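Worksheet: one structure, shown below.
The values are calculated or read from the model by the stated rules, or taken from the named source; none is laboratory data. Computed from a predicted model, the values in this text were never measured in an experiment. Positions of Cβ are backbone-derived with ideal geometry, glycine not excepted, and every protein chain shown enters the neighbour counts.
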Amino acid sequence: MANVAHATGATQAAGLAEPGAKTATRCSLDHPALVRLLQRAYSAERAASFAYIGHAASLRDPQAKSAVKQIEDDEWAHRRHVLAIMRRYGVPVSRWFEGYYYVVGKLIGVSCHVIGRFMPYFFAGKLESGNVCEYFVMMRHFHTLGITEHDAVLHEMGIKEKEHEVYFLAQIENCRWLPWFERVFAWGKNASRNDVDLARKHAVEDSHLYCANYHRSPSDDDLANR
């Protein structure tokens, strides 16, 4: 079973409202890259949730279904926490990202029923590997504005994404396809898109040191410019 507790405690510590609560709008964020990253993360979390709905439905083992369902729940929680931050600064939801990632998530969810067992786990793990860094990059962007109050919740969400990555990799680590896919897609036992080590985690106040060399793919940059 994946270790997938929600970020409620960190959310309260960061001064964010619980999902459904009203939040007061503060000054706008004078940081276009941070605004787009928040908008993208908000919409992409829904895509991930849709994908995991399809992934869980494609599995036969009850424990595997339950683990993927819990990860889906984590992604919905992350979406709510990102929205709380966005509302705090008056950041609007991007209609483009919402539409694009809605279609992507639904298509991935359907594909899980026809592409076998290995690929849904592999590509979920690769996706989560990149998602880890997005929350730590957000933290650094906030720091350039002198804002540190969201560090706890961003740290917890980044660590949670790493736990998801580790879980997905564990499900396929002995599969004969993994070495080939790792060479082609640069993710697997010996390759990750982040430098987070769950056995030696940084404290919240030092977690901005993670992912110093992280760069999004060119396709991600193209989306951000929409």
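How about the stretch 43-75: which of its residues are more than 20 Å from the chain's Cα centre (by Cα) and either closer than 21 Å to Glu134 by Cα or among the hydroxyl-bearing types (Ser, Thr, Tyr) (or both)?
Ser58
When you look at Ser94, is it farther than 18 Å from Ala57 by Cβ and touching a Phe, Trp or Tyr at 6+ places or on another chain (Cβ under 6 Å), yes or no?
no
Kindly list the number of the only condition in (1) buried (at least 20 other Cβ atoms within 10 Å of the Cβ); (2) assigned to a helix (DSSP H, G or I) that fails for Val103.
(1)
What is the residue count in the stretch 106-129 for residues that are in a helix (DSSP H, G or I) and surrounded by 21 or more Cβ atoms within 10 Å (Cβ to Cβ)?
10
For residues that are of a type outside the set (A, V, I, L, M, F, W, C) and within 10 Å of His155 (Cα to Cα), scanning just the stretch 193-205, find the one that is surrounded by the fewest Cβ atoms within 10 Å (Cβ to Cβ).
That would be Glu205.
Is it true that some residue in the stretch 57-67 is in contact with a Pro (Cβ under 9 Å, 6 or more places away or on another chain), crowded, with 16+ Cβ neighbours inside 10 Å, at pLDDT 95 or above and on the phi < 0 side of the Ramachandran plot?
Within the stretch 57-67, one or more residues are in contact with a Pro (Cβ under 9 Å, 6 or more places away or on another chain), crowded, with 16+ Cβ neighbours inside 10 Å, at pLDDT 95 or above and on the phi < 0 side of the Ramachandran plot.
Please verify whether the stretch 169-176 includes one or more residues that are surrounded by fewer than 18 Cβ atoms within 10 Å (Cβ to Cβ) and in contact (Cβ under 8 Å) with a residue 40 or more places away in the chain.
Within the stretch 169-176, one or more residues are surrounded by fewer than 18 Cβ atoms within 10 Å (Cβ to Cβ) and in contact (Cβ under 8 Å) with a residue 40 or more places away in the chain.
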